[in-house]
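Before we start, here is the structure in question, set down as structure tokens.
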Amino acid sequence: MNVQELGKTGKITVISFWATWCSPCKKELDAIKDYYEEWQEKYGVELVAISVDDARTAAKIPAMVEEKGWEYRILVDPSKELQTAANIQAVPHTYVLDKNGTIVFEHNGYTPGDELELEELFKQLTK
């Protein structure tokens, strides 16, 4: 499976590579959580959060997702196949795919306010 295949849903798809041990990742997913319901309604956005945790730390994922109340599609990439295929060196790493599954945006790291930049992009993609 590759990143583009995840975007073949006919929706705008945000793919966020993250890990349980990555503070900026958790901050980004927490920040998006505040907007996610609205984004789903307004723009038809789906977020797929792909954890790059190894088998040892992946055990923490379900409890963390529940505690944080993240209602994203959560996938785990313990063998790092997707991470390697997408040539991702560090997390968080975010992609936005348009309704056709084409990567239209790619972003490394997280700075507060990045989620507002994403919303601007969704507005452009749904014009």
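I need the calculated FRET efficiency for the pair Asp30 and Glu119, taking r as the beta carbon distance and R₀ as 22 Å, to the nearest 0.05.
0.90
Among Val104, Val91, Val14, which one shows the biggest mean-square fluctuation in a GNM of the chain, springs joining Cα atoms closer than 10 Å?
Most flexible of the set in this elastic network: Val104.
Using Cα pairs under 8 angstrom and six or more residues apart, how large is the relative contact order of the stretch 3-125, in percent?
39 percent
Moving to a separate point now. Rg over Rh of the stretch 3-125, using C-alpha atoms and the Kirkwood radius, what does it come to?
Working: Rg = 13.4 Å, Rh = 14.4 Å.
Radius of gyration over Kirkwood radius for the stretch 3-125 works out to 0.93.
Still on this structure, I have one more. If R₀ is 41 angstrom, what is the calculated FRET efficiency for the pair Ala58 and Lys127, using the beta carbon separation as r and rounding to 0.05? List each step's numbers first, then the result.
On the way: r = 39 Å, r/R0 = 0.95.
Efficiency, from the Cβ-Cβ distance: 0.55.
Follow-up. Please compare each pair in Lys68/Lys127; Lys80/Lys123; Lys33/Lys127; Lys42/Lys80; Lys11/Lys80 to a cut-off of 28 Å on the Cα-Cα distance and tell me which ones are over it.
Lys68/Lys127; Lys80/Lys123; Lys42/Lys80
Taking H as built 1.01 Å from N, whose amide H comes closer than 5 Å to the amide H of Val45, not counting residues under 5 places away?
Residues meeting the criterion, in which the H sits 1.01 Å from N, are Gln40.
Using 1/(1 + (r/R0)^6) with R0 = 35 angstrom and r between the beta carbons of Val104 and Trp21, what's the FRET efficiency to the nearest 0.05?
0.75
Since every read-out is calculated from the coordinates, none of them should be taken as a lab result. Because the structure is a prediction, the values reported are computed rather than measured. No Cβ is skipped: glycine too gets one built from the backbone with ideal geometry, and neighbour counts run over all protein chains shown.
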